[in-house]
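Working notes, beginning with the structure itself.
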Amino acid sequence: MSVRVGIDTGGTHTDVVLVDGEGDGVLALKVPTTPDDLSQGVLDGLGRILEEADQPASSISHFVYATTLVTNLLVEGSDIPVGLITTEGFRDILGIGRASRKPNIYDIQWAPPPPLVPRYLRLVVPERIDHQGRVVTPLDEAATLKALGQLVAAGVKSIAVCFINGYANPVHEQRVAALAARECPDLDISLSSDVVREFREYERLSTTVVNAYVASPLTRHMDGLTEKLAGNAVASTPYTMRSNGGIMTFAAAKRLPVTMTHSGPMGGIVGGTAIAAACGIGDIITLDMGGTSADVSLVAGGEPVLTTRGTVGRHPVLLPMLDLVTIGAGGGSVAWVDAGGALKVGPRSAGAVPGPACYDQGGDEPTVTDANLMAGRLNADFFLEGSRGLKSERSEAALHDKIAGPLGMTAGEAAIGIMAIAESHMVNAIKLISVERGLDPRDFTLVGFGGCGPLHAARLAEELSIGRVLIPSAPGNVSAMGLLSADVRHDMVRTHVKALDDVDPKAVGAEFEEMMERGVAALAADGIDAGRRRYLPAVDLRYKGQNYELTLPFPGQEVGEGLAGTLGQAFHESHRGVYGYELPKRAIQLVNLRLTAIGEVQRIPWPEHDGNASGAEPIAKRKVLIGPGRLETVPVYRLAGLSPGASFPGPGLVEYTGSTLFVPDGWTATFDEMLNANMERDVK
């Protein structure tokens, strides 16, 4: 029997999911992440789940991996020497950036992020290509060789090459790569024309530099993991999750590592969307709360929102990615008291090592997990199905020494305060992707998952007046399950700024044809059969004078007057829907041509369970701190003991192998055929 395996390496735990060839059987587990060597945690989890399934590694037919490595490198500001070669006169674009204070224009203390490439490693060479791709000044090859020599002498191992109009004609960038391959074959070279063929020099430069910055460590990790998987008899081609919600081979990831930003959280969005779709729900807000962070995203009509302008570690990235907001509010987020005596939570995390105080690994700082344990919402003897015992006395000591004592309160009050602050951060994040974009969160179902998401989902829904919450049957492993629900996906873009009415059909057709050739080659390299390939053309349009575009599907017809009218009308309607108005008399510009090449993978049917229980029998009762001064005895259930149709009112707890669900009073949880918990607020 063949099996499919998805593995998501997070900051605290590594999640593993195994699905048999028919999708009838699903196994899921968590193992501790091994920060010093991420591949060790991967192999530990893989070995355990194969043993549990009684399957050899050679039975794996589809292997998908997600990692936070790329994001962590950028967020932590790791010391990685990177060089830059750019057009003479444009050395300081990376340092200047955009002349705006983001995200708050009123923050007079805001400072831009320090450039990933220091100024002495940003070198220039004479060359110039205009915006139409015509060579104005030939590349000075002698100056290029000198620049390469200087960067090598400075100890640089990875170089970004970004010429001012390299998107219009990559010939000069490609020549630099050829010279580097001849003179400095050990260098990693990232060309902006390979990473993103799109205008806006700062964002394109930033994206290329990010690619160069993470290239060497990611390549080492991927090569090491590939070797170890092969050594453990895993023969299938390994894939990894990318930021656009699709997957790609390890080989493709090494060429474009920047596309792996937010790799794990994207799996959560895909998985949450698939589970909601199986339940007949199309409009959702996903809440993925793990050990290090919380990620929220909005899905409308069953389609995750895609943006082409993201950031990672405060650095702009000009690539298609699923739209999400990430905040430092996870189970391992550290609670602390600031100089003014105010209680704070995050963004710093205790991580996997030393982890929360209750892990008893040397950590003495209280975290959100410690607060949940202190409040009785976690079972110290059933954490990760009992594979890791928690020390409640460690949590109580940390809460007392670091929070309760300095603030003159009890440890229980400190625990409630910590959870309330963490929840307020997540409420604000959900407002960012809904209310601030003109959407009412009450129209959506909140899908809570991750190790900690089910503990807090209902309280967040209450704060946002959301009436329905969906908790998947394996909430701690939704991201890993999402990896197995994702198609192979490659995105291509070409800038083509032109008034919509003046578009040249032949020029646009030639651009799409060239992108199609690249898409066909990419899917063929991934081993995707022709019958499983799809190609989705699209265009970016804007009103003349605007700085932001909207992406619309391209009908695929011959470009002409009729098509311009069709696209124009569609753009007016889309603009009105997004911004609340349209400008029917304003000229429309075509800005970018896009093509998405998709290789479809076998869909996973979400397994259903037999039974039709009208109620649920608790396995125990436990005292739980419901709120300040409210200690109540509540029933505790185990998912393994519940059947479809089981239902109970809150307050109550449900223990999963990798998570815990807290059902507050005023809510009722009902379990469907897939053992998803459908929670609804009681109507009074």
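The values are calculated or read from the model by the stated rules, or taken from the named source; none is laboratory data. Worth saying up front: this structure is predicted, and the values here are computed from it rather than measured. Backbone-built Cβ (ideal geometry, glycine too); neighbour counts: all protein chains shown.
Which numbered condition trips up Leu541, out of (1) out of contact with any strand residue (DSSP E or B) (no Cβ under 6 Å at 6 or more places or on another chain); (2) within 25 Å of Phe199 (Cβ to Cβ); (3) not basic (Lys, Arg)?
If we test Leu541 against (1) out of contact with any strand residue (DSSP E or B) (no Cβ under 6 Å at 6 or more places or on another chain); (2) within 25 Å of Phe199 (Cβ to Cβ); (3) not basic (Lys, Arg), just (1) comes out false.
Regarding Val353, is this residue at pLDDT below 90 and in contact with a Phe, Trp or Tyr (Cβ under 9 Å, 6 or more places away or on another chain)?
yes
Residues checked against (1) within 27 Å of Ala507 (Cα to Cα); (2) modelled with pLDDT of 95 or more; (3) in contact with a helix residue (DSSP H, G or I) (Cβ under 9 Å, 6 or more places away or on another chain):
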| position | (1), (2), (3) |
| --- | --- |
| Gln132 | yes, no, no |
| Thr137 | yes, yes, no |
| Gln150 | no, yes, yes |
| Tyr167 | yes, yes, yes |
| Pro170 | yes, yes, yes |
| Val176 | no, yes, yes |
| Arg182 | no, yes, no |
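Would you be able to tell me the number of residues in segment 267-280 that are in contact (Cβ under 8 Å) with a residue 40 or more places away in the chain and either of a type in the set (Gly, Ala, Ser) or outside the structural domain of Glu303 (by TED's automatic domain parsing) (or both)?
7
Would you be able to tell me the number of residues in segment 62-77 that are crowded, with 21+ Cβ neighbours inside 10 Å, in a helix (DSSP H, G or I) and among the polar types (S, T, N, Q)?
Final tally of qualifying residues: 1.
Could you tell me whether any residue of segment 366-378 is surrounded by fewer than 17 Cβ atoms within 10 Å (Cβ to Cβ), hydrophobic (A, V, I, L, M, F, W, C) and within 28 Å of the chain's Cα centre (by Cα)?
Taking segment 366-378 first, the residues surrounded by fewer than 17 Cβ atoms within 10 Å (Cβ to Cβ) are none.
No, the conditions are met nowhere in segment 366-378.
Per-residue answers, yes or no, for (1) of a type outside the set (Asp, Glu); (2) surrounded by fewer than 18 Cβ atoms within 10 Å (Cβ to Cβ); (3) over 17 Å from Ala587 (Cα atoms):
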| position | (1), (2), (3) |
| --- | --- |
| Val503 | yes, no, no |
| Ala510 | yes, yes, yes |
| Ile528 | yes, no, yes |
| Arg532 | yes, yes, yes |
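Considering only segment 559-594, state which residues are of a type in the set (Val, Ile, Thr) and more than 15 Å from Lys498 (Cα to Cα). Outline the logic, then answer.
Taking segment 559-594 first, the residues of a type in the set (Val, Ile, Thr) are 559, 566, 578, 588, 591.
Within segment 559-594, Thr566, Val578 qualify.
Suppose we filter Leu407, Leu483 for residues that are surrounded by 24 or more Cβ atoms within 10 Å (Cβ to Cβ) and either among the acidic types (Asp, Glu) or touching a residue at least 40 places away in the same chain (Cβ under 8 Å) (or both); which single one remains? Walk me through how you get there before you give the answer.
Numbers: Leu407 fails: surrounded by 24 or more Cβ atoms within 10 Å (Cβ to Cβ).
On inspection, the qualifying residue turns out to be Leu483.
Out of Pro618, Pro644, Pro605, I need the residue that is assigned to a loop (DSSP other than H, G, I, E, B), surrounded by 17 or more Cβ atoms within 10 Å (Cβ to Cβ) and of a type outside the set (Asp, Glu). Which one? Working first, answer last.
Values: Pro618 fails: surrounded by 17 or more Cβ atoms within 10 Å (Cβ to Cβ); Pro605 fails: surrounded by 17 or more Cβ atoms within 10 Å (Cβ to Cβ).
Result: Pro644 is the single residue among Pro618, Pro644, Pro605 that is assigned to a loop (DSSP other than H, G, I, E, B), surrounded by 17 or more Cβ atoms within 10 Å (Cβ to Cβ) and of a type outside the set (Asp, Glu).
Quick check on my filter: what residues within segment 648-669 are more than 23 Å from Glu385 (Cα to Cα), in contact (Cβ under 8 Å) with a residue 24 or more places away in the chain and assigned to a strand (DSSP E or B)?
Passing the criteria: Pro649, Trp667.
Would you check if there is a residue in segment 177-187 being farther than 30 Å from Gln132 by Cβ, assigned by TED's automatic domain parsing to the domain that holds Pro118 and touching a residue at least 40 places away in the same chain (Cβ under 8 Å)?
no
What number of residues within segment 99-114 satisfy the criterion of being in contact (Cβ under 8 Å) with a residue 60 or more places away in the chain and either under 20 Å from Val161 (Cα atoms) or assigned by TED's automatic domain parsing to the domain that holds Thr14 (or both)?
Adding up the residues that qualify gives 0.
Whether any residue in segment 140-147 is in contact (Cβ under 8 Å) with a residue 12 or more places away in the chain, surrounded by 18 or more Cβ atoms within 10 Å (Cβ to Cβ) and either under 27 Å from Val591 (Cβ atoms) or in contact with a Leu (Cβ under 7 Å, 6 or more places away or on another chain) (or both) is what I want to check.
Filtering segment 140-147 down to residues in contact (Cβ under 8 Å) with a residue 12 or more places away in the chain leaves 140-141, 143-145, 147.
From the residues that got through so far, the ones that are surrounded by 18 or more Cβ atoms within 10 Å (Cβ to Cβ) too are 144, 147.
Subsequent filtering for residues that are either under 27 Å from Val591 (Cβ atoms) or in contact with a Leu (Cβ under 7 Å, 6 or more places away or on another chain) (or both) retains 144, 147.
Yes - at least one qualifying residue is present in segment 140-147.
Show the residue pairs that are 6+ apart or on different chains and have beta-carbon atoms under 6 Å apart, the first residue being within segment 66-92 and closer than 30 Å to Gly6 by Cβ and modelled with pLDDT under 90, the second being of a type in the set (S, T, N, Q) and crowded, with 23+ Cβ neighbours inside 10 Å.
Val70/Thr261; Thr71/Thr261
Yes/no matrix, rows are residues, columns are (1) at pLDDT below 90; (2) buried (at least 24 other Cβ atoms within 10 Å of the Cβ); (3) in a loop (DSSP other than H, G, I, E, B):
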site	(1), (2), (3)
Ile7	no, yes, no
Asp15	no, yes, no
Leu29	yes, no, no
Pro35	yes, no, yes
Gly41	no, no, no
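So which residues in segment 571-602 are part of a strand (DSSP E or B) and either within 26 Å of Ala524 (Cα to Cα) or of a type in the set (Asp, Glu) (or both)? It would help to see each step written out before you state the result.
Keep residues of segment 571-602 that are part of a strand (DSSP E or B), which gives 588-599.
Within segment 571-602, Asn592, Leu593, Arg594, Leu595, Thr596, Ala597, Ile598, Gly599 meet the criteria.
Quick test for you: out of Ser59, Ser2, pick the one residue that is surrounded by fewer than 17 Cβ atoms within 10 Å (Cβ to Cβ) and among the polar types (S, T, N, Q).
Details: Ser59 fails: surrounded by fewer than 17 Cβ atoms within 10 Å (Cβ to Cβ).
Residue meeting the stated conditions: Ser2.
I need the strands (runs of 3 or more DSSP E) fully contained in segment 428-511, keeping only those with at least 1 residues that are touching a Gly at 6+ places or on another chain (Cβ under 7 Å) and farther than 23 Å from Gly330 by Cβ.
Values: elements: 445-449, 468-471, 488-499.
Of the strands (runs of 3 or more DSSP E) lying wholly inside segment 428-511, those with at least 1 residues that are touching a Gly at 6+ places or on another chain (Cβ under 7 Å) and farther than 23 Å from Gly330 by Cβ span 488-499.
So for segment 95-104 (the condition being more than 29 Å from Ser293 (Cβ to Cβ) and assigned to a loop (DSSP other than H, G, I, E, B)), does at least one residue qualify? Before the answer, list the steps.
So in segment 95-104, the residues more than 29 Å from Ser293 (Cβ to Cβ) come out as 96, 99.
Of the ones still in play, those that are also assigned to a loop (DSSP other than H, G, I, E, B) are 99.
Within segment 95-104, one or more residues are more than 29 Å from Ser293 (Cβ to Cβ) and assigned to a loop (DSSP other than H, G, I, E, B).
Among the residues in segment 79-89, are any surrounded by fewer than 20 Cβ atoms within 10 Å (Cβ to Cβ) and under 19 Å from Glu203 (Cα atoms)? Talk me through it step by step, then tell me what you get.
At the first step, the residues of segment 79-89 found to be surrounded by fewer than 20 Cβ atoms within 10 Å (Cβ to Cβ) are 79-81, 88-89.
Right, trim to under 19 Å from Glu203 (Cα atoms) and you get 88-89.
Within segment 79-89 (the criterion being surrounded by fewer than 20 Cβ atoms within 10 Å (Cβ to Cβ) and under 19 Å from Glu203 (Cα atoms)), the answer is yes, since at least one residue qualifies.
If I go through segment 165-182 residue by residue, how many of them are touching a Gly at 6+ places or on another chain (Cβ under 8 Å) and closer than 22 Å to Val117 by Cα? First the steps, then the outcome.
We begin by selecting, within segment 165-182, every residue touching a Gly at 6+ places or on another chain (Cβ under 8 Å); these are 165, 168-169, 172-173.
When the remaining residues are screened for being closer than 22 Å to Val117 by Cα, the result is 165, 172-173.
Residues flagged as touching a Gly at 6+ places or on another chain (Cβ under 8 Å) and closer than 22 Å to Val117 by Cα within segment 165-182 amount to 3.
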